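Heads up: the structure comes next, in structure tokens.
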Amino acid sequence: MSATGIGAAVRRKEDYRFITGKGQYTDDISRPGQTHIHFLRSPHAHAKITSIDTASAKTMPGVLAVLTGADLAGDKIGNLICGWMIHSKDGTPMKMAPHPAIAHGKACYAGDPVAVVIAETLGQARDAAEKIEVDYEVLPAVVDPAKTQEAGAPQIHEVAPQNTIFQWHLGEAAAVDAAFASAKHVTKLDIVNNRLVPNAMEPRAAIGEYDSGTQNFTLWNTTQNPHVARLVIAAFVGMAPEHKLRVIAPDVGGGFGSKIFIYPEEVVCLWASKKVGRPVKWVCERAEAFLADAHGRDHVTHAELAFGEGGKMTALRAKTIANLGAYMSTFSSSIPTYLYATLLSGQYDLPAIYCEVDAVYTNTVPVDAYRGAGRPEATFVVERLVEVAARELHMDPVELRRKNFVKSFPHQTPVIMNYDVGDYDASMRKAMEIADVNGFAARRREAEKRGKLRGLGYSTYIEACGIAPSQAVGSLGAGVGLWESAEVRVNPTGSVEVLTGSHSHGQGHETTFAQLVSERLGIPIENVSIVHGDTDKVQFGMGTYGSRSGAVGMSAIVKALEKVEAKAKKVASHLMEAAESDIVFKDGQFTVAGTDKSAAWADVALHAYIAHKFTGAQLEPGLKEGAFYDPTNFTFPAGCHICEVEIDPETGSTTIVGWTAVDDFGTIINPMIVEGQVHGGIAQGVGQALMENAVYDKDGQLMSGSFMDYSMPRAENLPPLKIDTTVTPCPGNPLGIKGCGEAGAIAAPAAVINAITDAIRTENLAMPATAPAVWAAVRAAAPALAAE
Amino acid sequence: MYNFTYHRASGLRQATNLLGKLDEAKLLAGGQTLLPTMKQRLAAPANLVDLNKVEGLSGIELQGRALVIGAMTRHAEVASSPVVQQAIPALAHLAGLIGDPAVRHMGTLGGSVANNDPNADYPAACLALAATIITTKRKLIADEFFTGLFETALMPDEIVVKVSFPLPKKAAYEKFRNPASRYALVGVFVAKRPSEIRVAVTGAGTSGVFRVPAFEEALKKRFSPKALDGLGVPADGMSSDIHGGAEYRAHLVGVMAKRAVAAAME
């Protein structure tokens, strides 16, 4: 391993500009003549818009335009779409309601844009927005996914009777029923997977600019996938033909899924820029983000796990209601279906699984992918069931897991996935050793002496990353392919630019992708730059989400590098006057086998461009190659997290006193970056388990609509994390990478709740396990413990 | 934020005059509540009178048997002051628990007591320590100063100048934080004074900071956590929100009070 190659803990190249304030985020960009837009949002969760009077707003100082949904419709701007088709059990397609970028006729959630003001300054736009008179006829709202399908519930969209988008299922019901009928033991759980607000550090932002000379649009946007944004805005919204729309995602400060989607604001900025003939900028405010960014999770599930003799799992069934909010966001339908039910086998050899999912509308902010996206929900179901079952069966939760682990690969689950490789027991053994599970009993006794309740919880999770291959996802309803592209451009001096369709918004691609190039070409990492996030520079790409950039994006780079090497060998053969088959390339040197002839990488690169040593008939000049890589399968990162908690029974507050994570991510490019990903993922998972909660009142008002009421995890909520890995390289891609971005968020919630319920000896506890919730659970289960 | 007119007062008299003369005028101290509220357009004072350049409003001084702290003294100064740590360590501890470091370096004692947020920390200290709030017009004891949710006895053109805390024999503050806002979900300040015991509770009550006479009497007989065994406050009168119900808050008042007594005895 070289100091900057694969496996080296190289410091992030991008951090210098970030920590010296030289990052260029969307809000750092100002266009000549730029105007500012303010979105007036519905204060009501469900209301008819009977009239909008913009006359006095238009006369306010600095105002350039006041626009409504009627103007948008008048200009034939298309609706936003959900790009993944799901069919119900009965074969009917999902009920996608129209989603105009500005509500027209009806507002469906508190925060739904109803009008916009474009003005010289943001203050002027806001002042004018207060002069817009909107008459609402307030309608009853429904926010609870468990109640929205009830007879008599408010009907949100005409196309979806009983607010039901689809009733989907996966697996074999008959086989599952048979297994349950003969089960020796059945564990049942009711689970609410709490609704979360993503809260990336950088709020979303957009600048739309229309050039009347060329009729070209440019969008600067906080997006995780600029090409998909361009595709949707061109092909579905109909703003401009694809070749007349450039989307630039400059530095983006975190996404966690929330910046994958195509939102109303960027569409409106583009449209408005043409209307006013000047660039239009929108920067989301923090409180606005609670209403403008797609939320995550929000499942209500009943799940059952059947066992035969000796704790052998025989079947699992689950019925889930997934809240998709007021409109279907870009990938919303795929999250509670193919990214959820397909993972219900967990790490276990489960012969039969059946899952039913009802996706529903409610008068809440749209819900879509959030770090893990379906897989945290699946893991929570499976890992809670297993832990509770172990307690009910009076078995060691480790032994119960070990007995049921998948042990031979490849392994076909009953829910589509074909696990390629893994060693689940190895991760669990290593984690137990690091967590000193053997010493837990003594630690628990010591805690009891101090009046504290101590618990230990496991989460042996699996996730499907890479999100591929395209043919497979296409057969499951995806509207796009999920490959990745790369282009390697070698300059005449030998330095290299890599253009990638992946997008980095915190992942460190400028470092890890350069490490790959440095290792393969034997050139210093400083001589490599990574270009991404601009549809004019990168031809096409699918962006970054689902831990796919390593497994898929880097594989595309490998493919392009192989082509570059092949071409370079041809150049070297002319340069050294040797047969191409005799050229060996190693550590940045081309040599002729069996001779002392050699040429450095930079010499070959130069000769590729000066083209003095070969004719155009022999070889094309230049050294630039592109590749598209479509994987053969998902990748399956897996591992074991162990959480140890201490509960203060008097207050119900939980302190996480120990955390061990042993993950199998396959090949690791940069262990420091991977560790950071695991840290962040665990923090978000702990946030979900202990504090984060998007709470709506019955009228559809978001009660936890700011950081005053929405609790984010802080450093003090986490102990020092013990992170380690096991490695079974992924056989499905050239580097053996599995992906690491979501593992922590997927594994953590179950580990925390398993630990708390171990401590308080009751399973009756929902997320988030806030202090009052734990106190109430303790008191209900063991009144003596909670008493003073 | 709406437009407003900014006035930088150079002295208390000028500040008082501006307050009396201007329409919809508000004082700007640390601004940690007022400015975010204005940015969200939830407050729209036409005039802001800035106290930050007024001389003599900040400082910490031991005057006989009282610790006197200027109204513009920042929470971080109180938290780190050796004088406060020596004289009333519970008060330094309390100041160190307010908000986050940014808030503590801007927020002021005077701003906090004048705002009388029902979840703020300082009102509990003032009430339990029987502090005197010294204003540009008069001296008010804490019991008379705090009059309800976000309400005080301050007149429109009256400015808090300093707060005098009589030194207790023992005192402690125990705070259970709201995990989101870092305000007190329940905070209990217990002070053993030469003549009396005081127990003041913030965060919990629907009418703001309050004392618990039953706890005070029990602790007067025996200053020990055990003295509070079996005693509690009724859930009725406790606030209830997404962070905790009334019953939980009532329970926490008892728990935090015992812990405060135990801490005061250390």
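The values are calculated or read from the model by the stated rules, or taken from the named source; none is laboratory data. In this text, all values refer to a predicted model and were calculated from it rather than measured experimentally. Please note: Cβ atoms are built from the backbone with ideal geometry, for glycine as well, and neighbour counts cover all protein chains shown. Remember, those area values only see protein heavy atoms, side chains included, never the ligands or the DNA or RNA. Shrake-Rupley method; radii C 1.70, N 1.55, O 1.52, S 1.80 Å.
Summary of values
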item: Those strands (runs of 3 or more DSSP E) lying entirely in segment B:166-247 with at least 1 residues open to solvent by 50 Å² or more (accessible area, probe 1.4 Å) and within 14 Å of chain A (Cβ to nearest Cβ); result: B:170-177
item: Given (1) surrounded by fewer than 20 Cβ atoms within 10 Å (Cβ to Cβ); (2) away from every other protein chain (no Cβ under 14 Å); (3) in a helix (DSSP H, G or I), index of the condition A:Glu716 fails; result: (2)
item: Segment A:70-86 residues that are not assigned by TED's automatic domain parsing to the domain that holds A:Ser334, paired with ones that are surrounded by fewer than 19 Cβ atoms within 10 Å (Cβ to Cβ) and of a type in the set (Phe, Trp, Tyr) (beta carbon under 7 Å, 6 or more apart); result: A:Gly78/A:Phe236; A:Ile81/A:Phe236
item: Tabulated pairs, segment A:639-650, first within 14 Å of another protein chain (Cβ to nearest Cβ), second charged (D, E, K, R), C-beta under 9 angstrom, 6+ apart or interchain; result: A:Ile647/A:Lys452; A:Ile647/A:Arg454; A:Asp648/A:Lys452; A:Pro649/A:Lys452; A:Pro649/A:Arg779; A:Glu650/A:Glu788; A:Glu650/B:Lys258; A:Glu650/B:Arg259
item: Test result for A:Asp251, within 30 Å of A:Gly346 (Cβ to Cβ), among the acidic types (Asp, Glu) and either in contact (Cβ under 8 Å) with a residue 60 or more places away in the chain or in contact with a Phe, Trp or Tyr (Cβ under 9 Å, 6 or more places away or on another chain) (or both); result: no
item: Complete set of residues in segment A:2-16 that are touching a residue at least 24 places away in the same chain (Cβ under 8 Å) and either assigned by TED's automatic domain parsing to the domain that holds A:Ser518 or open to solvent by 50 Å² or more (accessible area, probe 1.4 Å) (or both); result: A:Ser2, A:Ala9, A:Arg11, A:Arg12, A:Lys13
item: In segment A:318-334, residue farthest from A:Ala468 (Cα to Cα) [restricted to those that are in contact with a Ser or Thr (Cβ under 9 Å, 6 or more places away or on another chain) and not charged (D, E, K, R)]; result: A:Ala326
item: Subset of segment A:311-339 [touching a helix residue (DSSP H, G or I) at 6+ places or on another chain (Cβ under 7 Å), open to solvent by 10 Å² or more (accessible area, probe 1.4 Å) and not basic (Lys, Arg)]; result: A:Thr314, A:Leu339
item: Within segment A:110-184, strands (runs of 3 or more DSSP E) holding 1 or more residues that are open to solvent by 20 Å² or more (accessible area, probe 1.4 Å), in contact with a strand residue (DSSP E or B) (Cβ under 6 Å, 6 or more places away or on another chain) and among the aliphatic types (A, V, I, L, M); result: A:133-138, A:164-171
item: Hits in segment A:498-525 - residues which are acidic (Asp, Glu) and in contact with a Gly (Cβ under 9 Å, 6 or more places away or on another chain); result: A:Glu519
item: Positions within segment A:509-529 being in contact with a Lys or Arg (Cβ under 9 Å, 6 or more places away or on another chain) and farther than 18 Å from A:Ala9 by Cβ, in sequence order; result: A:Gly522, A:Ser529
item: When residues of segment B:127-165 are limited to those that are part of a loop (DSSP other than H, G, I, E, B) and of a type outside the set (A, V, I, L, M), the one nearest to the other protein chains (Cβ to nearest Cβ); result: B:Phe150
item: A:Gln701 outside the structural domain of A:Ser502 (by TED's automatic domain parsing), over 16 Å from A:Ser459 (Cα atoms) and either open to solvent by 40 Å² or more (accessible area, probe 1.4 Å) or in contact with a helix residue (DSSP H, G or I) (Cβ under 7 Å, 6 or more places away or on another chain) (or both); result: yes
item: Yes/no for A:Met395 being modelled with pLDDT of 95 or more, of a type in the set (A, V, I, L, M) and open to solvent by less than 10 Å² (accessible area, probe 1.4 Å); result: no
item: Single residue of A:Ala776, A:Ala689 found to be within 14 Å of chain B (Cβ to nearest Cβ), part of a helix (DSSP H, G or I) and surrounded by fewer than 24 Cβ atoms within 10 Å (Cβ to Cβ); result: A:Ala776
item: Verdict on A:Gly616 being under 30 Å from A:Arg443 (Cα atoms) and among the small types (Gly, Ala, Ser); result: no
item: Matching option when the condition is out of contact with any Phe, Trp or Tyr (no Cβ under 7 Å at 6 or more places or on another chain) and under 19 Å from A:Phe180 (Cα atoms), among A:Arg402, A:Arg384, A:Arg391; result: A:Arg384
item: When residues of segment B:1-22 are limited to those that are touching a strand residue (DSSP E or B) at 6+ places or on another chain (Cβ under 7 Å) and assigned to a loop (DSSP other than H, G, I, E, B), the one nearest to the other protein chains (Cβ to nearest Cβ); result: B:Phe4
item: Subset of segment A:182-191 [of a type outside the set (Asp, Glu) and within 12 Å of A:Arg384 (Cα to Cα)]; result: A:Thr187, A:Lys188, A:Leu189, A:Ile191
item: Candidates A:Ala745, A:Ala759 - the one that is at pLDDT 95 or above and either over 30 Å from A:Gly553 (Cα atoms) or open to solvent by 10 Å² or more (accessible area, probe 1.4 Å) (or both); result: A:Ala759
item: Any hit, segment B:55-76, residues being at pLDDT below 95, touching a Ser or Thr at 6+ places or on another chain (Cβ under 9 Å) and within 14 Å of chain A (Cβ to nearest Cβ); result: no
item: Every residue from segment A:89-109 that is assigned to a strand (DSSP E or B) and of a type in the set (Gly, Ala, Ser); result: A:Ala107
item: One residue from A:Ile233, A:Ile262 being of a type in the set (A, V, I, L, M, F, W, C), out of contact with any Phe, Trp or Tyr (no Cβ under 7 Å at 6 or more places or on another chain) and assigned to a loop (DSSP other than H, G, I, E, B); result: A:Ile262
item: Filter result for B:Arg259 (over 26 Å from B:Ala79 (Cα atoms), touching a residue at least 60 places away in the same chain (Cβ under 8 Å) and part of a helix (DSSP H, G or I)); result: no
item: Residue list for segment A:550-572, filter: open to solvent by 10 Å² or more (accessible area, probe 1.4 Å) and either among the charged types (D, E, K, R) or more than 30 Å from A:Thr595 (Cβ to Cβ) (or both); result: A:Gly550, A:Lys559, A:Glu562, A:Lys563, A:Glu565, A:Lys567, A:Lys569, A:Lys570
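Results for (1) within 21 Å of A:Glu519 (Cβ to Cβ); (2) among the β-branched types (Val, Ile, Thr); (3) open to solvent by 40 Å² or more (accessible area, probe 1.4 Å), shown as yes or no for each residue.
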position	(1), (2), (3)
A:Gly588	yes, no, no
A:Asp596	no, no, yes
A:Trp601	yes, no, no
A:His612	no, no, yes
A:Phe628	no, no, yes
A:Thr635	yes, yes, no
